[in-house]
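> My questions will all concern the structure given below.
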Amino acid sequence: MTEPIETRRFNHAALNSRDLGRSVEFYCQVLGFHEIPRPGFSFAGSWLYRDGLGMVLHLIQDANFNPPRDRIESRKNHLAFRADVDTARERLRDHGIEFVEHTLPDFGYRQLFFHDPDGNVIELGEWPDVN
């Protein structure tokens with residue numbers, strides 16, 4: 001059997017954005033990221049970093065990006081973070097962001113799902129204290 005590739009840790013996620021400025025503002029103000037230097041690519045974008053997570057988010061400008069936004073779909077592609085759900089729920093309300101809430105009955109895992117300004121789905125979840 002061929003050995004799997006050794007990966008060390010998650011590096012970054014990339015999301016498309018129709019309005020880069022609006023998305024940068026959202027990820028910085030709502031989720032606590034801040035901009036970091038980005039190479040001089042031939043296309044517009046922004047790199048964001050979240051202290052404490054060691055995570056980089058690449059936003060890529062795409063004027064034609066248009067995901068469906070009719071409902072918040074938890075079973076579609078999404079970006080997920082661990083968070084205190086009770087606090088996150090209040091902060092989302094403070095920011096005027098619509099969300100849906102689920103609890104997985106077999107695990108007690110609580111989740112909030114919402115859209116970023118471009119329609120990308122974000123999940124904030126809290127595992128019960130079992131560790």
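The values are calculated or read from the model by the stated rules, or taken from the named source; none is laboratory data. Quantities reported herein were computed from a predicted structural model and do not represent experimental measurements. Here the Cβ is made from the backbone with ideal geometry for all residues, glycine too, and neighbour counts use every protein chain on show. Quick note on the areas: whole protein, heavy atoms, side chains included, nothing else; ligands and nucleic acids left out. Shrake-Rupley method; radii C 1.70, N 1.55, O 1.52, S 1.80 Å.
> All but one of (1) closer than 19 Å to E123 by Cβ; (2) small (G, A, S); (3) in contact with a Leu (Cβ under 7 Å, 6 or more places away or on another chain) hold for G45, so report the exception by its number.
Tallying (1) closer than 19 Å to E123 by Cβ; (2) small (G, A, S); (3) in contact with a Leu (Cβ under 7 Å, 6 or more places away or on another chain), G45 fails exactly one: (1).
> Follow-up question, since we're still on this one. Restricting attention to segment 94-110, and to residues there that are assigned to a strand (DSSP E or B) and of a type outside the set (V, I, T), which single residue is nearest to A83 (Cα to Cα)?
R110
> Here is a follow-up. Just one of L48, L92 is in contact with a His (Cβ under 7 Å, 6 or more places away or on another chain) and of a type in the set (A, V, I, L, M, F, W, C); which is it?
Numbers: L92 fails: in contact with a His (Cβ under 7 Å, 6 or more places away or on another chain).
Every option except L48 fails the conditions.
> How many residues does segment 102-131 contain that are free of Cβ contacts under 8 Å to residues at least 40 places away in the same chain and surrounded by 16 or more Cβ atoms within 10 Å (Cβ to Cβ)? If you could, list the steps in order and put the result at the bottom.
If we filter segment 102-131 for residues that are free of Cβ contacts under 8 Å to residues at least 40 places away in the same chain, which is where we start, we get 102-112, 128-131.
Among the residues that remain, those that are also surrounded by 16 or more Cβ atoms within 10 Å (Cβ to Cβ) are: 110-112.
Residues flagged as free of Cβ contacts under 8 Å to residues at least 40 places away in the same chain and surrounded by 16 or more Cβ atoms within 10 Å (Cβ to Cβ) within segment 102-131 amount to 3.
> Among the residues in segment 86-96, are any under 25 Å from R9 (Cβ atoms), modelled with pLDDT under 95 and not β-branched (V, I, T)?
no
> Out of segment 17-67, which residues are in contact (Cβ under 8 Å) with a residue 60 or more places away in the chain, over 23 Å from R89 (Cα atoms) and open to solvent by less than 50 Å² (accessible area, probe 1.4 Å)?
Of everything in segment 17-67, just one residue is in contact (Cβ under 8 Å) with a residue 60 or more places away in the chain, over 23 Å from R89 (Cα atoms) and open to solvent by less than 50 Å² (accessible area, probe 1.4 Å), namely S17.
> Can I ask one more? Could you figure out which of (1) at pLDDT 90 or above; (2) within 26 Å of N16 (Cα to Cα) isn't true of N77?
The single condition N77 does not satisfy is (1).
> If I filter segment 111-131 down to residues being touching a strand residue (DSSP E or B) at 6+ places or on another chain (Cβ under 9 Å) and polar (S, T, N, Q), which single residue comes out as nearest to A83 (Cα to Cα)?
Q111
> Could you tell me which residue of segment 68-101 is nearest to G52 (Cα to Cα), considering only residues that are touching a Gly at 6+ places or on another chain (Cβ under 8 Å) and open to solvent by 70 Å² or more (accessible area, probe 1.4 Å)?
Among those that are touching a Gly at 6+ places or on another chain (Cβ under 8 Å) and open to solvent by 70 Å² or more (accessible area, probe 1.4 Å), it is R82.
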